[in-house]
Amino acid sequence: MTLTQFKPAPLSEALTDERQFHWRAAVNDRVATMDLRPTGRIPGVGTMTARDLGDLLITDWRSPDVEGVRGSAMTGKDAEALLVFTVTTGRQIIQTPQETVVLRPGAILVMSTRTTGSFVVPETMSKRTVRVPLTALAPYDTGARLPDFLCLDTVANPLARLTQDFLMGVDAQLEQMSPADVEGARTALLVLIAGMIRATHAPDVSETDFLPFLRQALEDWILAHLTDGAVRVSDLAAAHNVAPRTVHRAFAATGDTMGSVVRSHRLAAARNDLVHTSASIAAIAHRWGFCDASHFGREFRREFSMSPGDYRGAHGIA
């Protein structure tokens, strides 16, 4: 793990339009893909300073007056992550399909990159963002589900204030941190973010009520798409408007994994074809998503203790 800093050259050293291009590219790389448009009569130029705790992208922004839009087509361009926002000066108005929030100093916003909407920065502002990949947060307990949009008051919420203070402390220790220190700081920040979410964000319905219903819906979807190719967690999540980790929880609640469920259904369907049709073993393997006849044979023998040919010979009725 390394911690890095980047500061752009002074404005006089580059053309304004080039600086605007690089600043917008940095926003897309370090926050999320979005369309950005200046709103002032004279377009301003933003600046940034980056501090990376491994895969956690911490960025300080000085943003000109600008507006942005993140549509549903853009959410598929980025790996899913959580974004944490704090503001030093100025304000940012964020509107999602569900709510509108004015982000000012003293607040922390936690938002998923799957959230769509628009925002306006009406005047120059200073803010900090932290991009947290879901893979980084996965080992930490965030409660029943991750939030799409969560705004917290650092005065009223001790963990939110502690998270903000910790991020400020990274600045003071920047030059002294060894790789081991960076790893420790990364872990501490993830623990704080997970704790902040767990303590303040409750799911709309209880997992006890929701997961069994979702589990059956997921399995029905798998059965309906079994011949369409690979079944991915992301496809299941998108089809049911839930996070990928919720898909994993739904299967885990019954002691399964998505992969084991898909495998079981593929083998059951292939077995049915072996018994009830005269299709070749290679054709059956292809139809139900196995790499080839050899792969199908290994998986079938592991499940039924017989080769597909022997099983058809013993039980086939076509």
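What follows draws every value from the coordinates through simple rules; no lab data is involved. Small disclaimer: the values here were computed from a predicted structure and weren't measured. Every residue, glycine among them, receives a Cβ derived from its backbone with ideal geometry; neighbour counts consider all protein chains shown.
So the values come out like this:
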| item | result |
| --- | --- |
| Estimated translational D of segment 207-315 in µm²/s (Stokes, Kirkwood radius over Cα pairs; 37 °C; 0.692 mPa s) | 222 µm²/s |
| Rounded tilt (10° steps) of 16-30 against the dominant C-alpha axis of the chain | 40 degrees |
| Computed lengthening from ALA253 to ASN272, 0.36 nm per intervening residue step minus Cα-Cα distance | 4.0 nm |
| Cα-based helix-to-principal-axis angle, 293-304 vs the chain, degrees rounded to 10 | 80 degrees |
| Burial ranking of peptide ranges 90-97, 253-260, 46-53 (average Cβ count within 10 Å, highest at the top) | 46-53, 90-97, 253-260 |
| All-pairs Cα distance distribution in segment 222-265, expressed in whole percent, bin size 5 Å | 5, 22, 33, 28, 11, 1 |
| For segment 112-172 versus segment 212-241, the gap between their alpha-carbon centres in whole angstrom | 30 Å |
| Placed amide H near VAL66: partners under 5 Å, 5+ positions off or other chain | THR39, VAL121 |
| Under-5 Å amide H pairs with THR88, H placed in peptide plane, nonlocal only | SER126, LYS127, ARG128 |
| Compactness of the chain as Cα Rg over 2.2 N^0.38 Å, two decimals | 1.27 |
